[in-house]
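What follows is a single structure, written as structure tokens, with notes after it.
Each reported figure results from applying straightforward, stated rules to the coordinates on display, with no laboratory input. Keep in mind that what you see is a predicted model, and the values were worked out from it rather than measured. Here Cβ is always computed from backbone atoms with ideal geometry, including for glycine, and neighbour counts include all displayed protein chains.
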Amino acid sequence: MKDSLKIQKIVFATDLLENSRLALDYAVAFAEHFGASILMLHVVQLSGAAHAAELEIHRASVSRLAAQERLEVLASGVRRLGMSVEAEVVDGLTCEMILQAVDRHRADLLVLGVHGVHRGVEHLLIGSNTEKIMLSAKCPILTVGAHVLTGFDIKLHVQEILLFSDFTPESTSAAPYALMLGQEFGLPVDVCQLLPVVVEDNPRLRRQLAEDYCQSMKHVLADENAVWCQPAFQLERGMQLEQIVDRAKSHHAGLIVLGAHTESLVGRHLHTSFAYQVLGRATCPVFTIPRLP
């Protein structure tokens with residue numbers, strides 16, 4: 001496990017709706033804390049006629065210019081806080097353009113808001129492409145959902161960090177990130193484990209599940225003797241889905257951290273179960289962490 005968390009480049013993807021402002025506030029808060037620069041990204045999907053007009057007159061279309069102007073207003077406001085900010089408007093499919101920007105700028109964090117009913121980032125995160133961006137991004141994603149509380153402290157003075165897991169060995173990739181966030185902000189980190197239905201009435205299978213999980217945990221944590229590597233500790237934190245969602249809605253939670261990947265229950269049932277309900281109902285932002293290489 002790395003000794004400390006370094007965030008130097010943040011990509012903030014916005015649909016330019018007023019409701020995305022809270023996600024920007026979180027992007028600014030993390031940039032302030034880590035001394036990071038921000039890339040503000042807006043994706044437009046120009047019509048064929050608009051593309052043709054741009055080629056013919058060798059000038060940006062009215063739609064692109066309007067988006068650039070609105071994005072620059074946001075960027076200027078953040079620059080006045082003394083931060084380094086770039087603003088970029090790109091044309092294409094929202095999901096693909098965001099992922100390309102993350103790779104192109106070697107982002108350490110991607111920040112997304114999911115408030116309005118716009119077909120841009122909101123549609124991306126609650127529609128059929130949700131899994132693609134969460135499973136394909138090569139950096140952690142901070143998602144600011146529709147129920148995240150406003151009026152937060154820009155210094156991120158919150159009460160606790162919650163690590164949500166599902167007892168799959170693959171999901172342990174989120175553990176180091178949760179611990180580093182806790183260390184960075186001086187916060188306690190609690191664990192909530194989603195108990196698969198198939199093991200609820202099978203103590204032996206539950207124990208085997210916990211042992212496999214903890215064996216994987218030893219590989220990602222520096223201290224093999226850490227309490228998080230003990231099966232009994234993890235089993236004590238086993239919960240059903242509704243209990244975990246209730247924790248996500250608790251006012252005590254400041255940040256939620258979870259892993260997202262194809263092998264995990266999180267990845268396979270994103271729209272109907274664990275991660276989707278957490279993202280949709282949490283009152284604090286949610287970090288999703290890609291699987292460690």
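At 7 Å along Cα-to-Cβ for each site, give me the label-to-label distance between Ser4 and Ser84 in nm.
1.7
Mind checking the full-extension length gain between Gln68 and Phe185? Use 0.36 nm per residue of separation minus the Cα-Cα distance, one decimal, nm.
Using 0.36 nm per residue and subtracting the Cα-Cα distance, I get 38.6 nm.
Provide Val85, Val197 in ascending order of the number of other Cβ atoms located within 10 Å of each residue's Cβ, fewest first.
Placing the least packed residue first, the sequence is Val197, Val85.
Please report the net charge: other residues with Cβ closer than 13 Å to the Cβ of Arg104, K and R +1, D and E -1.
Net charge in that neighbourhood comes out at -1.
Considering amide H positions built from the backbone, and no H for Pro or chain starts, which residues 5 or more places from Met239, or on another chain, come under 5 Å of its amide H?
Amide H to amide H, under 5 Å and 5 or more residues apart or across chains, Met239 pairs with Gln193, Leu194, Leu195.
Between Gln230 and His157, with labels modelled 7 Å along Cα→Cβ, what's the label distance in nm to one decimal, could you check?
Calculated label separation equals 3.3 nm.
Can you compute 3J(HN,Hα) from phi for each residue in the range 206-217, using the Karplus curve 6.51 cos²θ - 1.76 cosθ + 1.60 with θ = phi - 60°, rounded to whole Hz and x for Gly and Pro?
These are the phi-based 3J(HN,Hα) values: 4, 5, 5, 4, 5, 5, 5, 4, 5, 4, 5, 4 Hz.
Round to the nearest 0.05 the FRET efficiency obtained for Ser37 and Asn202 when R0 = 41 Å and r is the Cβ-Cβ distance.
0.25
So, R0 is 41 Å and r is the distance between the beta-carbons of Asp103 and Glu211; what FRET efficiency does that work out to, to 0.05?
Working from the Cβ atoms, E equals 0.65.
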